[in-house]
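Before any comments, here is the structure.
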Amino acid sequence: MPLHPESSLFTAQGSNRLQRADTLVKSSMTIDSLSKIDTLRITTAVEHDLRDNTSLATRQSFLDNFFPVDNEKVEKVFTKLKDQKVYGKRWNKFPVKPGGPEADYYRIIQDTLQKIQDTYCAETQTPVQRVWVDTHSTAPESFTETAANRPDLAHAIGSKTEWDNRNKELLRSNLTTTTRTQTKNAQTIANNEIPQDFRKNLRVYWFRTSTVVEVKPVNTPLNSEEAYNTVQQLAGYMRQILREQLDRRFVFGLIFFHDCLSVWYCDRSGLLGIDEVLNIHEEPEAFIRVIASLSTKSYEDLGWDPTMRFFQMDKPHQYSYELDFSKDEIVQYFQNSDRQYSTKWVIKINGKEYVTIRALSLSRAEIMCGRGQLVWLAVDVEKRELVVIKQSWSPYTLTNKNQGSDDGDHGSQSNADLYGKSEMDKLRSEAEVYLHALGKHELLQERKISELIPGHEVPEQLHKHDYHIGRLRAHEIVPDTRTGENFRCGIKESQAAMAAQPPPTSGKRKAPGDEHAKGGPQEEQLHEQLTNMMSVKFGNHSFRFTERQLCRMVFEDFGWPIKRFRSLGELLNMLEHCLEGYRFLLMQGIVHRDISPSNMLICPILPLNPTMPAKVAGRLNDLDHSKVDVRYECAALENTIEQQDLDQTMHILSPTLKLMKIPGCSLELYQILVGLKFKFNMIYTYLDIVLPTLPRLNMLPAADQVLKPDTLGLGVKPTDCIPPMFTDRVQENEERSGTVPYMSHEFLARQINPPPHTAVHDMESIFWVLLYLCLTREGPGGKLRAALRNDSATQVAGSPDAKIGHLVYCFFDAEQPVLDLNKKQLFKTPSSFEAHVIPSIHPYFEPLIPLLKEWFRILCVAFFDPRLLKSPEYIWPHLGFQLALTRICEESVRKLDKDPLYEAMTEEEDNRRTEYMHEILEALDKVSQGVTHSSDATIPELDPSPRARQLGSRNSNIFTQFGQAAEPLTPLVSSQDNKRQRR
């Protein structure tokens, strides 16, 4: 086997491993994980969110849209502030010279902002229960690095008294921790562990934060790297608000660069800032306008969702900002680390109320630029039935009238019409994909699909036949939630941002105070530097705005990820059901593009019966990233065959194959190959590629060596349709869809002209899912195998356990470039799969090894050289996968689940399912009756994906690992943290 040379690039990247999640954006920052996530991880996540999704708007349009304050009232407030000596020629007490201690600004800015708010509220008689809070004057010094993940100041919900008490609690936890850490060893202090008391207060703090403020006492002529880092830091705080406040749609943020103010806004379409900073001393009215507006805006105008309220028994439901945090029981509830999953929301969809019982997936909530998907298990209050609610910010795509486009997230709208309407823009909602899949149903032939898209209940008759996909019950495109038309309406992008050139990387820095000298840098120079920095650092000069709109869907079924199978038999049945669902979607012109363990569900048959945990069905769900060919018509292959071409091919090729001692082809195989427009040389080339991969041929008598489609493992018949190939689609952006660990190797690296995503790439994802289970699980129930649970630091280099960990890292847990390197190399050297991967499969999965081998063989033939030859394996890989699955079920049925060693695991999984169903039925009953609070018993998230296991200098190429001594393994975090993450 040819060895790929070790690359220092991959070794170095292995030391900065990110957590794996089930979205394209990987890292997850929560309050409990702050002690385990370093600044680099947060920075990387924010950079990923903001790349190509950050822009600058003209200052006037930004202020007019977001801060429409009466100028006459602003003047009156300004006059009163001058009378009160708050403002003279400058705002009172502000440092004159930049570059001093940052802490000198906190209390001064807080007092100034609060004074503006109080004066404006008194002038307009507007009562406000919000206060500007200095949060860093009491920052714990003993864990400064992690405690710094708070803004310098914040506009917080509540009274001044409440927040004074909150700051006292933070200070108290600081003093306690300082004393405690004096007794700890150096290693513990170096880990920057956040104490439990401080974490609890932080949870409450984030939930009550309206606007975040960052302060930098820097010179006016800013260094671009400083400005970039500051904006990025502010974006991290905005990201955390979206993570903690699930009912938040957008967030505002402020940056004080000494005496200049930069204003920012973030929604699911990205980050938007003003192109000219405000000099707060020279433009006090504009400064008052911004602060007064932020201080008195309605909660809806600050980004809170008016369709979501807190569920409360025996009393009216409340919006989250109405909760009384002066009550200890409410504070204690929000200090609970599990409260995000146990919180019950009342959500209105099409005018109907649903009450969430438990969050199923919140891992994507913090995504700043994307769908921000949330999933809850809920109760249909009217019908008293369990449902699943899925919420996401679906993108609008711009399509060319003459040519289809690859339905990515990015459109191609001109910057001049950045947030305006376009005749070609079209909301790409997941509900529409489900409805398109059912479009040939007789009910939808009578009613146009377009009538159902704006938001209606889906007829129950649509689901009488089980297609093994998610069963959509209702959906709504929430009105007035378009990020461009409704939130950013009227804002014009700065033309200077598009014309900006990269800033100089060197030059003499001005001494403090030089900005006041004659001819020194003025405000417009700061504006130019900020504009340059934003264009170069965060995006490119061809920024394309992606408008999004809030969409909600209601599904009939809930389930567990496929890794929670109770037996091998059930695992195979679930794979079979998911392949059936995929085949159904494909025949409607749909490819999935995001197959992962969490999108292949084991769903209990409804109505729920806790006494029958094995009564389940497999479902392929989550069509958020799917691609649809609306013009696709399912036409049988045999209808494309010209009889003359078929006869000529058989007449010429049959004797040639016989002469060369190659088995002849059956009529069906000839029909398939001729139907694909294969010429004589192409058929010969194809057979030359595929026959050496087929060990089954050696079992056939010489006289019977006739090649049929099933002999080659195709599973194809001439009556089958050619699936959609999307050859006439135009890719709209470089980003490929999918969950990275399970993505096809053809899409892991960015390409100028990548191939269209078709069925073969989704089948490769299914292959990686099954291989992942076989390498990482030790039996029924989804328990991680012992080799991956043990502390990697104690493993012997080159041992079987170390090889397993390294294998999982190189194919699933590493960064994208490492995955790309190893997966591509695996397909270049297929023999390495059996030599090095198969031996590491857990013994429990040995009956599935033939299935893995056959699926891998199909993929190797398909990817041999698709540019030269698109084989039947490339066109119909799903049929080959189904045939292989059927054969393995027939041949191995007597071998499956006969080992008593695993019976206890199956029983444990059955008990877990039974307990889970009892809990949610009890919650359903209590929520429906409204008698008392439903149970907050811990119900695990559907798919808490494990994070990468090791850190440090370790060979990141699986093909150089075998055959040489493995380097020592270094844990990513402590063994205790490793176990907690994998659980």
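The values are calculated or read from the model by the stated rules, or taken from the named source; none is laboratory data. All of these numbers come straight from a predicted model, not from anything done at the bench. Cβ atoms come from the backbone with ideal geometry, glycine included; neighbour counts cover every protein chain shown. For accessibility, only protein heavy atoms count, side chains too; no ligands or nucleic acids. Shrake-Rupley method; radii C 1.70, N 1.55, O 1.52, S 1.80 Å.
Protection proxy ranking of 154-160, 665-671, by the mean of other Cβ atoms within 10 Å over each peptide's residues and highest first, is 154-160, 665-671. So, in Å, what gap is there between the alpha-carbon centers of segment 342-399 and segment 657-677? With segment 342-399 and segment 657-677 each reduced to a Cα centre, they are spaced 53 Å. The overall shape of segment 880-920, judged from the alpha-carbon gyration tensor, is oblate: a/c is not under 1.5, and a/b is no greater than b/c. Accessible area per residue for segment 601-671, computed on protein heavy atoms with a 1.4 Å probe, is 53 Å².
Give me the 1.4 Å probe accessible area per residue for segment 278-395, excluding ligands and nucleic acids, in Å². Don't skip to the answer; put the middle values down first.
Working: 3620 Å² over 118 residues.
Value returned for segment 278-395: 31 Å² of accessible area per residue.
Sequentially through segment 558-564, phi angles give Karplus couplings (6.51, -1.76, 1.60; θ = phi - 60°) of 10, x, 10, x, 4, 5, 8 Hz, Gly and Pro residues having no value and appearing as x.
Model label points for Asp710 and Lys327, set 7 angstrom from Cα along the Cα-to-Cβ axis, are 6.8 nm apart. From the alpha carbon centroid of segment 604-633 to that of segment 50-71 is 43 Å.
Once R0 is set to 30 Å, what does the formula 1/(1 + (r/R0)^6) return for the Cβ-Cβ distance between Lys658 and Lys679, expressed as a FRET efficiency to the nearest 0.05? Mind dumping the intermediate values first?
Details: r = 19 Å, r/R0 = 0.64.
Calculated transfer efficiency: 0.95.
In the structure shown, the pairs Lys93/Lys492; Lys76/Lys327; Lys783/Lys853 are assessed against 27 Å; a Cα-Cα span above that value is assigned to Lys93/Lys492; Lys76/Lys327.
Summing charges over neighbours of Met905, with a neighbour being any other residue whose Cβ is under 9 Å away from its Cβ, gives -3 when K and R count +1 and D and E count -1.
Rounded, prolate or oblate: pick one for segment 709-837, where a ≥ b ≥ c are the square roots of the eigenvalues of its C-alpha gyration tensor, a/c under 1.5 means rounded, and failing that, prolate if a/b is larger than b/c, else oblate. Cα axes put segment 709-837 in the prolate bin. Residues whose amide H lies under 5 Å from that of Leu360, counting only those 5 or more places away or on a different chain, are Val375, Trp376, Leu377; hydrogens are built 1.01 Å from N in the peptide plane. Here the accessible area is traced with a 1.4 Å probe on the protein chains. For segment 572-694, carbon and sulfur cover 54 percent of it. Between Glu102 and Lys615, the contour length at 0.36 nm per residue exceeds the Cα-Cα span by 178.4 nm.
For Arg471, the residues 5 or more places off, or on other chains, whose built amide H falls under 5 Å of its own are Glu556, Asp557.
Peptides 267-277, 227-237 ranked from most to least packed by the mean count of surrounding Cβ atoms within 10 Å: 267-277, 227-237. Projecting label points 7 angstrom from Cα along Cα→Cβ for Thr829 and Thr44 puts them 2.6 nm apart.
Where does each of 841-849, 324-332 land if you order them by average Cβ count within 10 Å, highest first? Before the final figure, lay out the partial values.
Working: 841-849: 17.2, 324-332: 12.4.
So the order, starting with the most tightly packed, is 841-849, 324-332.
Each residue of segment 860-872 was assigned a 3J(HN,Hα) from its phi angle through the Karplus expression (A = 6.51, B = -1.76, C = 1.60, θ = phi - 60°), giving 5, 5, 4, 9, 4, 6, x, 6, 7, 8, 8, 6, x Hz with x at Gly and Pro. Couplings 3J(HN,Hα) of segment 917-928, computed from phi: 5, 4, 4, 6, 5, 5, 5, 4, 5, 5, 5, 5 Hz, in residue order, whole Hz [Karplus 6.51 cos²θ - 1.76 cosθ + 1.60, θ = phi - 60°; x for Gly and Pro].
What FRET efficiency, computed as 1/(1 + (r/R0)^6) with R0 = 51 Å and r the Cβ-Cβ distance, is obtained for Glu123 and Asn229, rounded to the nearest 0.05?
In this case the efficiency is close to 0.85.
A 25 angstrom limit on the alpha carbon distance is what I want to check against. Which of Lys97/Lys297; Lys563/Lys898; Lys390/Lys926; Lys383/Lys627; Lys348/Lys627 exceed it? The answer is Lys97/Lys297; Lys383/Lys627; Lys348/Lys627.
Tell me whether segment 618-715 comes out rounded, prolate or oblate; compute the Cα gyration tensor, take square roots of the eigenvalues as a ≥ b ≥ c, and use a/c under 1.5 as the rounded threshold.
Details: a/c = 2.71, a/b = 1.53, b/c = 1.76.
Cα axes put segment 618-715 in the oblate bin.
How much length is gained on full extension from Leu901 to Arg789, taking 0.36 nm per residue of separation minus their Cα-Cα distance? Before the final figure, lay out each step's value.
On the way: separation 112, 0.36 × 112 = 40.32 nm, distance 1.93 nm.
Here the answer is 38.4 nm.
Please give the length that would be gained between Glu846 and Thr79 if that part of the chain were fully extended, namely 0.36 nm times their separation in residues minus their C-alpha to C-alpha distance (nm, one decimal). Computed gain between Glu846 and Thr79 is 268.0 nm. Cα centroids of segment 739-813 and segment 208-281: 38 Å apart.
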